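Trainee: Quick one: structure below, then a few questions.
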Amino acid sequence: MNGEEVLCAYEKMLLIRVMEERISALYKGDIIPGFVHTSIGQEACAVGALTHARVSDVITSTHRGHGHVLAKGLEPDRMMAELMGKVTGANNGRGGSMHVADPRLGIFGANGIVGAGLPIALGAAFAAKDRGEGDLVVAFFGDGAIATGAFHEAMNMAALWKLPIIFLCENNGFSEFSSTADQHPVPISARAAGYGMESITLAGNDVEAVADGIRPVYAQVRGGSGPVFVEVTTLRVHGHYEGDPQVYRDKDEMARGILAADPLTVTRGRLRERGIGDDVLDLVDKRVRAVVDEAER
């Protein structure tokens, strides 16, 4: 990524972060109904993975999908209105936090059921291959979805039919309240080998590493050679749900991880190294906060 692209990525990640921090506060104040799951700490996964996406490409998401839909281009005011159950929301207020969708932007929906976005991605990829216009699908899911039947069925059929899907696993180390190490006997990326599928693992808290690492995957999948499995290793700062006390995590280890791997801190440091001053970064911060304030209003 060049300096301009990194600055653009930083602004997108900051938008996701500030939106979710605001959503968390509003949820605690009983302004947002239902359940809320945030992706704070995982912003580089969404922004980096979708840097090369077209509007006509499709994504499917998870119950932790705010970052994915914002990175794909959903307007912040329409997402915030959706979470508040308003008719001006992306789905007329009927979907809420876990079911945000906008097919006109290729957003085929977040999903409250673990792994349930994968069969939807399969159908979208089948249609994309039939159209023959080079579009593809990015299916976001967490490490917990690896244990579902839908994951294996989708991987099997996508590999068999050489469908244009990037299976993108955000491995944040925890599925609900259990660590990944307690649930899987082999590395997650090794699952792809069983279906004859290529796999790569990327540093999910580094937006440049994700964007640059996934670039050739886009070209390969668009070229018709079939699906690719991409694992991005990342960090879930908040719990499984907003208000989760996270008694299952070591607080000191978690604090060290957040300090070392915050994608915004990492990217801001890189921008400074490239000569982008704090005056420019502060203007970006001001612009983003104005957007979020307006979305809330």
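Trainee: Could you derive backbone 3J(HN,Hα) for region 51-68 from the dihedral phi with the Karplus parameters 6.51, -1.76 and 1.60 (θ = phi - 60°), listing whole Hz in sequence and x where the residue is Gly or Pro?
Mentor: With the stated coefficients, region 51-68 comes to 4, 9, 7, 8, 4, 7, 6, 10, 10, 10, 10, 10, 5, 10, x, 4, x, 5 Hz.
Trainee: Okay, moving on. Fully extended, how many nm does the chain gain between Asp278 and Arg297 (0.36 nm per residue separation, minus their Cα-Cα distance)?
Mentor: 4.0 nm
Trainee: What pairs from Lys28/Lys86; Lys12/Lys162; Lys12/Lys129 go past 27 Å between their alpha carbons?
Mentor: From Lys28/Lys86; Lys12/Lys162; Lys12/Lys129, over 27 Å: Lys12/Lys162; Lys12/Lys129.
Trainee: What's the exposure ranking of Phe151, Phe35, going from fewest to most Cβ atoms within 10 Å?
Mentor: Taking fewest neighbouring Cβ atoms as first place, the list is Phe35, Phe151.
Trainee: Apply the Karplus curve 6.51 cos²θ - 1.76 cosθ + 1.60, θ = phi - 60°, to the phi angles in region 106-116 and return the couplings in whole Hz, x for Gly and Pro.
Mentor: x, 9, 8, x, 6, 8, x, 9, 4, x, 6
Trainee: Please rank Asp102, Asp285, Asp293, fewest neighbouring Cβ atoms within 10 Å first, as an exposure proxy.
Mentor: Result, fewest neighbours first: Asp293, Asp285, Asp102.
Trainee: Now for a separate question. Multiplying the sequence separation of Thr201 and Val186 by 0.36 nm and subtracting their Cα-Cα distance, what value in nm do you get?
Mentor: 4.0 nm
Trainee: Counting only DSSP beta bridges with both residues in region 56-199, tell me the antiparallel percent, nearest 5.
Mentor: The answer is about 25 percent antiparallel.
Trainee: Further, regarding this structure: What residues have an amide H closer than 5 Å to that of Leu202, excluding those fewer than 5 places away on the same chain, when H is modeled at 1.01 Å from N in the peptide plane?
Mentor: For Leu202, the qualifying residues are Glu231, Val232, Thr233.
Trainee: Given a 10 angstrom Cα cut-off, can you work out which residue in Val280, Val266, Val58 is the most mobile in a GNM of the chain?
Mentor: Val280
Trainee: Pick from Asp30, Asp262, Asp135: which is most flexible by mean-square fluctuation in a GNM of the chain where alpha carbon atoms under 10 Å apart are linked?
Mentor: Asp30
Trainee: How much of the DSSP beta bridge set in the chain is antiparallel, as a percent to the nearest 5?
Mentor: Within the chain, antiparallel bridges account for around 10 percent of the total.
Trainee: Once the Cβ-Cβ distance between Ala193 and Arg54 is put in as r, and R0 is 51 Å, what FRET efficiency do you end up with, to the nearest 0.05?
Mentor: Efficiency at R0 = 51 Å is approximately 0.95.
Trainee: Enumerate the calculated ³J(HN,Hα) couplings along region 188-204 in order (Karplus 6.51 cos²θ - 1.76 cosθ + 1.60, θ = phi - 60°), each rounded to whole Hz, writing x wherever the residue is Gly or Pro.
Mentor: Result, rounded to whole Hz: 4, 5, 5, 4, 5, 4, x, 10, x, 9, 5, 9, 9, 10, 10, 6, x.
Trainee: Now, a different point. Note the angle between two axes, namely the Cα long axis of helix 149-161 and the longest principal axis of the Cα atoms of the chain, as a number of degrees from 0 to 90, rounded to the nearest 10.
Mentor: 60 degrees
Computed from the coordinates by the stated procedures, all read-outs in this text should not be read as laboratory data. Remember, predicted model here, so these are calculated numbers, not experimental data. Ideal geometry is used to build each Cβ from the backbone, glycine not excepted, and the neighbour counts take in all protein chains shown.
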